[in-house]
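*Asks:* Can you read through this structure? Questions will come right after.
The values are calculated or read from the model by the stated rules, or taken from the named source; none is laboratory data. All values reported here derive from a predicted model rather than from experimental measurement. Here Cβ is always computed from backbone atoms with ideal geometry, including for glycine, and neighbour counts include all displayed protein chains. Surface areas here come from the heavy atoms of the whole protein model, side chains and all, with no ligands, DNA or RNA. Shrake-Rupley method; radii C 1.70, N 1.55, O 1.52, S 1.80 Å.
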Amino acid sequence: MTDLQEKAKNIIKSNSRGDFTIPCETLYPFQWNWDSAFCALGIYTYNKERALREIDSLFNGQWENGMIPQIIFHKNNTTYFPGPEIWQSNTNPPSSCISQPPVLATIIWYMMTLGLEDKTILNGYFDKLMKYHKWFVNNRDPYNKGLLSIIHPWESGRDNSPDWDSAINAIKVDDSIHLERKDNTHIDEKERPTNDDYNRYMQIVYKCKEFNWDNKKIYDEGLFNVCDPGIQFIFIRACKDLYKMAVYLHRTEYYTILENWIEHYSTNCNKLWNVHVNAYSSLNIKTGELHDCISCASMLYAYANIGGKEQRDAMIKHSKRILYATKYGFPSYDPHQKRFDSKKYWRGPVWCIINFMLSIGFASIKEVELSKKIKNNTNEIIENNGFFEYFDPYEGRGYGGENFSWTAAVYLIFKNELFV
Ligand code: DGY
């Protein structure tokens, strides 16, 4: 193991809070859903037992209705806004009341390919994952349209992506909204979402609270309802991996339901096809409007392995154009667009976990050159700049939180040559 791999391990260990790992000190002091899942896979490369405890602590936060929350507040901490006192989930442990991209089934499937074979453990995970996926279908697609919505930008994990600029800008902010932001006291505000963004994020939360977190009402009457290609593609991929788990575990009673979800959500991706851009885009469910540009989430079509020949050809063209436009790929937003900002959170910077999914996605559709370049760029950007939350696609400079757990996890996964 090289010094840098050792450093990656130490970062994850120092961010460990017992059975779960925080993304980074001060900025994100709790357990985050997809952060923790990616972290678990990184931990699995050196400590299998601890990796499973990471997964167990995520399931420990699962709600009765199946939702695995975006943030689980296992322990108190005052360095983050909005904390448990704002969400008031009335759950034990307390949590936020929305979810995040459902990468967990895929992460567990990868652990299985690395030797996790205990059927008692896996059957337990399988049941909880099925419950989680059912929650997504019932609550984020209540009319069975084959399109999964997010009801808050935080649910996508890509908070200030231009993918929802028009949906978010349409929200009117009450004068009474009061922000106690802490993120930009830890990090340069140029690298974070704006106060205008935060006002709207909180306006959505307060509206959902008014609806008592009734998901159907929120879907119908809430302030924000967008189909995010990221969630849609990650869900399809996760269902495919859940299906493989079902086969391994002989859970035959779930074959049809999983086959139907895979078919239904894959087919309806056609509704995300934007002929003006010739690519998959986000879709504002409230207005029927497709976003007019491409973000990194569109490229996860390869990870989901969906689309007809014409669509795949067009997406490959875009992928190459975007990947070769900057020194380090893959930028989180199309650098040829005016809304691109190389420093600002999800409006341009490179994110290692997206690169992980893109790299395995492109490898699975035999786009080996794209897959390798993304993987090499990820290793290089970390080796030259450190374990930051995100990076400048031109200079490679790191932004946001430092000593970041999922960046360290992806480095361990890539350097162990585990999947790609
Ligand atoms: C934040 O607080 O910046 C997170 O992205 C919310 O999940």
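*Asks:* Can you give the charge dipole size of the range 116-156 about its Cα centre, rounded to the nearest 20 debye, using +1 on the beta carbon of Lys and Arg and -1 on the beta carbon of Asp and Glu? Mind dumping the intermediate values first?
*Replies:* Details: 6 positive and 5 negative charges, 35 e Å.
Computed charge dipole of the range 116-156: roughly 160 debye.
*Asks:* Could you state, as a whole-number percent, how many of the C-alpha pairs of the range 110-149 are farther apart than 11 Å? Don't jump to the answer; show the numbers that get you there.
*Replies:* On the way: 531 of 780 pairs.
Here the tail beyond 11 Å accounts for 68 percent of pairs.
*Asks:* List the residues, sorted by chain then number, that are 5 or more residues from Y399 or on another chain and whose placed amide H is less than 5 Å from its amide H.
*Replies:* When sequence neighbours closer than 5 places are left aside, the close amide H contacts are E389, Y390, F391, D392.
*Asks:* Treating only the Cβ atoms of Lys and Arg (+1) and Asp and Glu (-1) as charged, compute the dipole magnitude of the range 34-122 about its Cα centre; round to the nearest 20 debye. Don't skip to the end; give the middle numbers.
*Replies:* On the way: 5 positive and 8 negative charges, 22 e Å.
The calculation lands at about 100 debye.
*Asks:* Putting +1 on Lys and Arg Cβ atoms and -1 on Asp and Glu Cβ atoms, find which of I322, V350, F340 reaches farthest to the positive end of the dipole of the range 307-357.
*Replies:* Among I322, V350, F340, the one farthest towards the positive end of the dipole of the range 307-357 is F340.
*Asks:* Run the simple label-point estimate for T252 and Y394 please: 7 Å along Cα→C-beta, distance reported in nm.
*Replies:* 6.0
*Asks:* Same structure again: Are there any chymotrypsin sites (Phe, Trp or Tyr not before Pro) in the range 279-331 that are in a DSSP loop and have at most 15 other Cβ atoms within 10 Å? List them by number.
*Replies:* Numbers: sites: Y280, Y301, Y303, Y324, Y328; in loops: Y324, Y328.
In loop regions of the range 279-331 (DSSP not H, G, I, E or B), the sparsely surrounded chymotrypsin sites (Phe, Trp or Tyr not before Pro) are Y324.
*Asks:* Multiplying the sequence separation of A314 and K216 by 0.36 nm and subtracting their Cα-Cα distance, what value in nm do you get?
*Replies:* On the way: separation 98, 0.36 × 98 = 35.28 nm, distance 3.57 nm.
Using 0.36 nm per residue and subtracting the Cα-Cα distance, I get 31.7 nm.
*Asks:* Per residue of the range 403-415, what does 6.51 cos²θ - 1.76 cosθ + 1.60 with θ = phi - 60° give for ³J(HN,Hα)? Whole Hz please, x for Gly and Pro, Karplus curve as stated.
*Replies:* 6, 8, 4, 6, 5, 5, 5, 5, 4, 4, 5, 5, 6
*Asks:* What FRET efficiency would be calculated for the residue pair Y324, K172, taking the C-beta separation as r and a Förster radius of 41 Å, to the nearest 0.05? It would help to have the intermediate numbers written out before the result.
*Replies:* Values: r = 41 Å, r/R0 = 1.00.
Once the sixth-power term is evaluated, E becomes 0.50.
*Asks:* A follow-up question, please. Return the whole-Å distance between the Cα centroid of the range 274-353 and the Cα centroid of the range 190-237.
*Replies:* 20
*Asks:* I've got another one for you. Quick one: what do you get for the chain if you divide its Cα Rg by 2.2 N^0.38 Å?
*Replies:* Dividing the Cα Rg of the chain by 2.2 N^0.38 Å gives 0.90.
*Asks:* Mind computing the radius of gyration and Dmax over the alpha-carbon atoms of the range 26-182? Å is fine for both.
*Replies:* 16.9, 55
*Asks:* Right, here's the next one. If the only charges are +1 at each Lys and Arg Cβ and -1 at each Asp and Glu Cβ, what is the size of the charge dipole of the range 184-309 around the Cα centre, to the nearest 20 debye?
*Replies:* Values: 14 positive and 16 negative charges, 66 e Å.
Charge dipole of the range 184-309: 320 debye, to the nearest 20.
*Asks:* Any chance you could get the radius of gyration and Dmax over the Cα atoms of the range 175-313, in Å?
*Replies:* In Å, with Rg to one decimal and Dmax whole: 18.9, 56.
*Asks:* Another question about this same structure. For R192, tell me the accessible area in Å² from a 1.4 Å probe, rounded to the nearest 10.
*Replies:* 0
*Asks:* Once phi is turned into θ = phi - 60°, what whole-Hz ³J(HN,Hα) does the Karplus curve with 6.51, -1.76 and 1.60 give for every residue of the range 297-307, x standing for Gly and Pro?
*Replies:* So the J values, rounded to whole Hz, are 5, 4, 6, 6, 4, 6, 5, 7, 6, 10, x.
*Asks:* Next question. Which cross-chain or sequence-distant (5 or more) residues have an amide H under 5 Å from the amide H of N225, H modelled 1.01 Å from N in plane?
*Replies:* I285, K286
*Asks:* Further, regarding this structure: Which value in nm describes the separation of the simple spin-label points at V275 and K119, placed 7 Å from the Cα toward the beta carbon?
*Replies:* Placing both labels 7 Å along Cα→Cβ, they lie 5.2 nm apart.
*Asks:* Apply the Karplus parameterisation 6.51 cos²θ - 1.76 cosθ + 1.60, with θ equal to phi minus 60°, to every residue of the range 285-293 and state each ³J(HN,Hα) to the nearest whole Hz, in sequence, with x for glycine and proline.
*Replies:* Taking θ as phi minus 60°, the curve returns 5, 5, 10, x, 8, 8, 5, 8, 8 Hz for the range 285-293.
*Asks:* Further question on the same structure: For the range 74-167, compute Rg over Rh where Rg is the Cα radius of gyration and Rh is the Kirkwood radius from the inverse mean 1/r over Cα pairs. Intermediate results must be reported in sequence, preceding the final value.
*Replies:* Details: Rg = 16.4 Å, Rh = 16.0 Å.
Looking at the range 74-167, the ratio lands at 1.03.
*Asks:* Pulled fully out, how much extra length does the chain show between D3 and K244, if you take 0.36 nm times their separation in residues and subtract their Cα-Cα distance? All intermediate terms of the calculation are to be shown ahead of the outcome.
*Replies:* Numbers: separation 241, 0.36 × 241 = 86.76 nm, distance 3.61 nm.
Length gained between D3 and K244: 83.1 nm.
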